[in-house]
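Worksheet: one structure, shown below.
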Amino acid sequence: MHRELDVVHARDARRNLGVPLAALDTTTLFVIGVVFLATLIRSTVGFGEALIAVPLLAFRLPVAVAAPLAVLLSVLIAGLIVAQDWRHIEVRSAAGLIIAALFGIPLGILLLTRLNDHVVRTILGLVIAAFSAYSLAARSRLHFHADHRALLLGAGFLSGILGGAYGMNGPPLAIYGTLRRWTPQRFRATLQGYFLPASLVGLIGYAVAGLWVPSITHYFLFSLPGVVAGVILGRTLNHRLRGDGFFKIVYAGLLVIGSVLVAQGMAR
């Protein structure tokens with residue numbers, strides 16, 4: 001009798017998590033794998049996990065679970081990287097990017113609600129892809145030895161727009177980092193100095209909107225080993241990257257992101 005009651009309680013607990021009983025094990029393993037891959041990319045390069053995490057998680061989870069889970073993981077990943085490599089953060093650059101982004105986020109939300117989503121995605125994708133393709137092909141690339149105030153504020157503002165509209169605020173930050181020719185370690189750490197407070201704001205927004213459900217906590221806890229492993233391995237890979245090779249990886253990643261945005265924008 002007690003054994004039967006335990007089975008009933010376990011089934012009810014799983015249902016309360018918002019996860020189908022039969023799919024619990026396979027779904028959790030899938031989430032762990034996706035989180036590890038996304039974390040590895042983020043920890044190695046400094047950005048780009050949004051292109052992996054939310055679309056893949058959405059194959060097995062509702063978007064209302066996948067998006068807050070991705071933001072929660074972003075806070076954790078950024079926090080771990082900042083704790084490891086805070087000495088590499090360009091504090092003034094990160095602060096300027098964050099302040100400018102705060103003004104861009106409301107505009108991004110407005111664009112999402114007022115303008116044609118397909119047109120916006122196509123234009124943004126074309127700009128990012130064109131810049132990346134040019135940078136990969138050019139023999140000499142534009143760069144600055146010190147912060148360029150207008151470009152810094154512009155990159156932060158655009159990142160806020162992209163973040164508010166699509167949760168994809170990495171590309172403008174990555175472009176600015178390449179223009180500043182930050183080392184791979186400084187590039188990775190400074191972007192996390194931006195992502196940590198920005199993701200915290202987004203996380204608070206999800207909580208205020210009532211989008212926090214028990215299944216998010218469930219998948220987050222099960223994903224922790226994958227996050228830790230991804231951060232450690234990504235840091236090792238990042239420290240092995242040098243100069244032009246690193247920037248080629250960044251431009252290639254941006255080219256992929258731009259191409260995906262164009263494809264999404266042209267899809268009807």
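The values are calculated or read from the model by the stated rules, or taken from the named source; none is laboratory data. Every value quoted in this text rests on a predicted model; they were computed, and no experiment measured them. Here Cβ is always computed from backbone atoms with ideal geometry, including for glycine, and neighbour counts include all displayed protein chains.
Here the range 150-180 is the region considered, the condition is being in contact with a Gly (Cβ under 9 Å, 6 or more places away or on another chain) and farther than 19 Å from Ala50 by Cα, and the residue that is surrounded by the fewest Cβ atoms within 10 Å (Cβ to Cβ) is Leu153. In the range 42-94, the residue that is surrounded by the fewest Cβ atoms within 10 Å (Cβ to Cβ) out of those that are among the small types (Gly, Ala, Ser) and part of a loop (DSSP other than H, G, I, E, B) is Ala58.
Just one of the listed residues (Ile175, Ile232) is modelled with pLDDT under 90 and either of a type in the set (Lys, Arg) or on the phi < 0 side of the Ramachandran plot (or both), namely Ile175.
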